[in-house]
1. Which of the residues that make up region 170-179 are in contact (Cβ under 8 Å) with a residue 40 or more places away in the chain and among the hydrophobic types (A, V, I, L, M, F, W, C)?
2. Residue 95 - would you say it is farther than 24 Å from residue 251 by Cα, in a helix (DSSP H, G or I), in contact with a Ser or Thr (Cβ under 7 Å, 6 or more places away or on another chain) and not β-branched (Val, Ile, Thr)?
3. Give me the strands (runs of 3 or more DSSP E) completely within region 123-200, filtered to those with at least 1 residues that are farther than 25 Å from residue 35 by Cβ and in contact with a Gly (Cβ under 7 Å, 6 or more places away or on another chain), ordered by residue number.
4. Please go through (1) more than 23 Å from residue 125 (Cα to Cα); (2) assigned to a loop (DSSP other than H, G, I, E, B) for residue 60 and return the number of the only condition it doesn't satisfy.
5. Are any of the residues in region 54-74 at positive phi and modelled with pLDDT of 95 or more?
6. Can you pull out the residues in region 212-224 that are of a type in the set (A, V, I, L, M) and more than 16 Å from the chain's Cα centre (by Cα)?
7. Taking region 117-131 as the search range and keeping residues that are in contact with a Cys (Cβ under 7 Å, 6 or more places away or on another chain) and either closer than 15 Å to residue 61 by Cα or not charged (D, E, K, R) (or both), which one is farthest from the ligand (Cβ to nearest atom)?
8. What single numbered condition from (1) over 25 Å from residue 245 (Cβ atoms); (2) surrounded by fewer than 21 Cβ atoms within 10 Å (Cβ to Cβ); (3) within 14 Å of the ligand (Cβ to nearest atom) fails to hold for residue 25?
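The values are calculated or read from the model by the stated rules, or taken from the named source; none is laboratory data. Keep in mind the model is a prediction, meaning the values are calculated, not measured. All Cβ positions, glycine included, derive from the backbone under ideal geometry; neighbour counts span all protein chains shown.
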Amino acid sequence: MTLDSHWFTEVCEEGGSAFSLKIKCKLHEEQSDYQRIEIYDTEHFGKLMVIDGFIMLSTLDNFLYHEMMSHPALFSHPDPRRVVIIGGGDCGTLREVLRHPAVEHALQVEIDERVTRLSETYFPELCSANDDPRAEFFFGDGIRWMREAEPGSVDVIIVDSTDPIGPAKGLFTEAFYRDCRQALGEQGLIVQQSESPLYHMDIIGPMHAAMRAAGFDHTLSLHFPQPVYPSGWWTATLGGKGVDPRQFRSEDAATRSFETRYYNADIHRAALAQPEFMRRALQLEAGS
Ligand code: SAM
């Protein structure tokens, strides 16, 4: 929806709110086999990718999301060598994952190849690790891929998907989490983008319940800012299998061999703190 030709506006019906960005021009628009993809050039946020009317990412602030979708999970796992990303077609999460020298193989399972091809054109900086020999691309449905995955073959699963509608709906179900748990080794972690705590507790609550029902011992939502998403306050939810996501390799995080813009050991620690209303709603233990 546009206010006039100089603004892109995303309306969030459930929050009774809207977020607008001043745009210079529309760079691209197409209907892929799965969704409507638009790319804009904005006045202050750089390039903007929109899918089915919902903002996916901007040049200016995607580092917040991509770093928080990858580094906390990877520093919570004792030895993250095999990583699978479900969705994540813009390749920003893949780039962050491949910054970890311990990672031997990172597979991106994205349903819509057009998202990746457009990202290569309009967000080349996010695709800078695509030629890394450890990176592999599979274009297909992540739900099906997970159902057919070899048991015990993955250390960390990152679900970097669109909202739980359309092809992403099945990524928020107990059946999917069961498949994820089976694909993970004895020590494994899943992390999934999980919307805004201000507007979407109706998604976050059932997500925790479904992960726990699927057998994940511990679940926990990480908190971080994301200005282009509804309310500007976002979460990623972690589920541990034989790994407690309340703990992380803080010394390794503090002495990491790569640069980040947002993530560090203090940010990780802070992101683990749970607001009172979430602690109550999710019946988390005090101190978690
Ligand atoms: N972080 C962004 C957000 O929350 O707005 C999402 C970025 S990424 C572009 C999301 C990707 O998930 C899209 O490219 C979409 O095609 C992909 N996706 C949705 N459902 C999927 C599924 N079932 N399997 C694999 N990829 C899926």
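1. Once the filter is applied, which keeps residues that are in contact (Cβ under 8 Å) with a residue 40 or more places away in the chain and among the hydrophobic types (A, V, I, L, M, F, W, C), region 170-179 yields only 171.
2. no
3. Filter on region 123-200 gives 154-160, 184-193.
4. (1)
5. Within region 54-74 (the criterion being at positive phi and modelled with pLDDT of 95 or more), the answer is no, since none of the residues qualifies.
6. Initial filter on region 212-224 (of a type in the set (A, V, I, L, M)): 213-214, 220, 222.
Answer for region 212-224, where residues must be of a type in the set (A, V, I, L, M) and more than 16 Å from the chain's Cα centre (by Cα): 213, 214.
7. So, considering only residues that are in contact with a Cys (Cβ under 7 Å, 6 or more places away or on another chain) and either closer than 15 Å to residue 61 by Cα or not charged (D, E, K, R) (or both), the one farthest from the ligand (Cβ to nearest atom) is 130.
8. Single failed check for residue 25: (3).
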